[in-house]
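Data block below; observations after.
The values are calculated or read from the model by the stated rules, or taken from the named source; none is laboratory data. Remember, it's a predicted structure, so these values are computed and weren't measured experimentally. So basically every Cβ, Gly included, is an ideal-geometry build from the backbone, and we count neighbours across all protein chains shown. Keep in mind that these areas ignore ligands, DNA and RNA; they rest on the heavy atoms of the full protein, side chains included. Shrake-Rupley method; radii C 1.70, N 1.55, O 1.52, S 1.80 Å.
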Amino acid sequence: MSAKSGMPHKVFIDGESGTTGLLIREMLGARSDIKIVSIAPEHRKDTGAKKALMAEVNVVILCLPDDAAKESAALAVSLGNSAPKLLDASTAHRLHPDWTFGFPELGAGQADAIRGAPRVSNPGCYATGAIALLRPLIDASLIPSDFPLTINAVSGYSGGGKSMIAEYEARTAPDFELYSLSLEHKHVPEIVLHSKLQCRPIFVPSVGDFRQGMLVSIPLHLDRLPGKPVGQDLEAALSKHYGAVGFVRTIAASAIVAEAGKLEPQSLNNTNVMELRVYANEPRRHAVLVARLDNLGKGASGAAVQNLDLMLALS
């Protein structure tokens, strides 16, 4: 389905009352090229009414739990030639071969693949940072695909959904905590797949008492890597991959020096920008790769709007 010339594209956010859906709606609300179409509250569980609405829109954005996202996706696909494009913000389809992974900066041709895709899966927030750091270095053979890695991350509490947000805002949650210590976090499989890893990394996420913002960090022993690269080699590979324009930016070592060895997670809030840094101690032959992003921006709603614009040929 395509919008008529001069008419706004119609978008239905299935699950618009959740954190991600609300922010997507806010981001799109003032735009004249997109019209948000909503279903009446009393018809949200009415399959027939939802299917009829889906047949009238250009894109459906799924902001639902995984099982509900699968059900809504199947309902849309059942429309056949009248089916809208689908953009899924859940975990449900990030590994599915029939869905295009919605990280436009992933590699050459990825943005074009998203433009032409009928179904796109939005990346997870932690996965966005980890993949952004790892994929270029693995493609450049600076990190072997079977190298054992540890990924650490901290997120603002908005990434935990309504219940976690309520606990923090009621001041009943701890100031900081590690979680998912079963080492089975749902973002690990997409990190493995889209970074081209052959060895499953150890991933340790955490949450802090701030609403939004994220840091993803990956420590490295440089002498354990083939070719024994220096920090500048890693920085150059990231810079070459992402270039000087766009939403993913590699911060130069000269700028990092001015930060005095500190980095806070919130300065990119309310943007779709992600910054990548390489902190290297050459005498010790140690390095830490760090991605900073807004878990609700490039990590969720901002990325969804970026993908939506590609899917509707608006960018």
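So, of the residues in segment 23-43 that are in contact with a strand residue (DSSP E or B) (Cβ under 9 Å, 6 or more places away or on another chain) and either open to solvent by 60 Å² or more (accessible area, probe 1.4 Å) or without any contact (Cβ under 8 Å) to a residue 60 or more places away in the chain (or both), which turns out to be nearest to Thr91 (Cα to Cα)? Only one residue tops the list, namely Arg25.
So that you can scan it fast, the table gives a plain yes or no per residue for (1) closer than 16 Å to Asn152 by Cβ; (2) more than 18 Å from the chain's Cα centre (by Cα); (3) of a type in the set (S, T, N, Q); (4) open to solvent by less than 30 Å² (accessible area, probe 1.4 Å):
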position	(1), (2), (3), (4)
Ala173	no, yes, no, yes
Phe176	yes, yes, no, no
Tyr179	yes, yes, no, no
Lys186	no, no, no, no
Pro189	no, no, no, no
Ser195	yes, no, yes, yes
Arg200	yes, yes, no, no
Pro205	yes, no, no, yes
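When segment 44-70 is filtered for residues that are over 12 Å from Phe12 (Cβ atoms) and surrounded by fewer than 17 Cβ atoms within 10 Å (Cβ to Cβ), the ones remaining, listed by number, are Lys45, Asp46, Thr47, Gly48, Pro65, Asp66, Asp67, Ala68.
Condition first: at pLDDT 95 or above, in contact with a Leu (Cβ under 9 Å, 6 or more places away or on another chain) and either part of a helix (DSSP H, G or I) or among the hydroxyl-bearing types (Ser, Thr, Tyr) (or both). Now tell me which residues in segment 131-170 satisfy that. If the condition is that a residue be at pLDDT 95 or above, in contact with a Leu (Cβ under 9 Å, 6 or more places away or on another chain) and either part of a helix (DSSP H, G or I) or among the hydroxyl-bearing types (Ser, Thr, Tyr) (or both), then Ile131, Ala132, Leu133, Leu134, Arg135, Pro136, Leu137, Ile138, Ser145, Ser155 are the ones that fit.
Selection of segment 50-64 for residues being in contact (Cβ under 8 Å) with a residue 60 or more places away in the chain and either outside any loop (DSSP other than H, G, I, E, B) or basic (Lys, Arg) (or both) yields Val59, Ile61.
Scanning segment 217-245 for residues that are part of a loop (DSSP other than H, G, I, E, B) and either loosely packed, with under 14 Cβ neighbours inside 10 Å or among the charged types (D, E, K, R) (or both), we see that the one that is modelled with the highest pLDDT is Lys228. Scanning segment 84-106 for residues being assigned to a loop (DSSP other than H, G, I, E, B) and without any contact (Cβ under 8 Å) to a residue 40 or more places away in the chain gives a total of 7.
Return the residues of segment 163-183 that are free of Cβ contacts under 8 Å to residues at least 60 places away in the same chain and either touching a Lys or Arg at 6+ places or on another chain (Cβ under 9 Å) or under 19 Å from Asp146 (Cα atoms) (or both); say none if nothing qualifies.
Tyr168, Glu169, Ser180, Leu183 - these are the residues of segment 163-183 that are free of Cβ contacts under 8 Å to residues at least 60 places away in the same chain and either touching a Lys or Arg at 6+ places or on another chain (Cβ under 9 Å) or under 19 Å from Asp146 (Cα atoms) (or both).
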